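Values in this text are rule-based calculations from the coordinates and carry no lab data. This structure is a prediction, so every number in the text was calculated from the model and none was measured. Cβ: placed from backbone, ideal geometry, glycine included. Neighbour counts: every protein chain shown.
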């Protein structure tokens, strides 16, 4: 394994998480990460600083996604099924963790793309405010305010979801 391959390896899961938030399709996300990795490995000039390198990788991925959208002449399509491709959905038995995951995914889909990008970069991919700001070419303060607003709106969507537990009867409460 080359030095470039070893260097990118720790970032692959974060890149995939960000790619999935952009493409909303697991296979497309994998393809996007592979294209990003190939471009990064083949690049002649690579940032030496780890923070700059990580931001550079995310910029490659995001720019590739934007290029793909422009080529296809349409914005990313929304998924009809918020849990498409998930094996857990096939075995759904009312588990609260699954319901929470679906609720968050549905809430994220309702956010405008820029707010989804901010949440994906900071909360999913783990970039710092400064790294996200550099990637999006905006001030770090703008990242913080957009992230705060996006989180608040997302929490509002989650709080108003339509999944509510049934009230327990006295018979159910007693062990």
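So if R0 is 35 Å, what FRET efficiency would residue 43 and residue 148 give, r being the distance between their Cβ atoms, rounded to the nearest 0.05? With R0 = 35 Å, the Cβ-Cβ based efficiency is 0.55.
Estimate the FRET efficiency between residue 138 and residue 110 by the formula 1/(1 + (r/R0)^6), using the beta-carbon distance for r and 22 Å for R0, to the nearest 0.05. Write down the numbers at each step before the final one.
On the way: r = 22 Å, r/R0 = 1.02.
E between residue 138 and residue 110, to the nearest 0.05, is 0.45.
Can you sort 60, 153 from fewest to most other Cβ atoms within 10 Å of each residue's own Cβ? Each step should come with its number before you reach the end.
On the way: 60 19, 153 16.
Ascending Cβ contact count within 10 Å gives the list 153, 60.
Sort 36, 148 so that the residue with the fewest other Cβ atoms within 10 Å of its own Cβ comes first and the one with the most comes last. Walk me through the numbers before you get to the answer.
Numbers: 36 26, 148 11.
Final ranking by Cβ density, sparse to dense: 148, 36.
Maximal additional length on extending the residue 66-residue 123 stretch stands at 18.4 nm, based on 0.36 nm per residue less the C-alpha distance.
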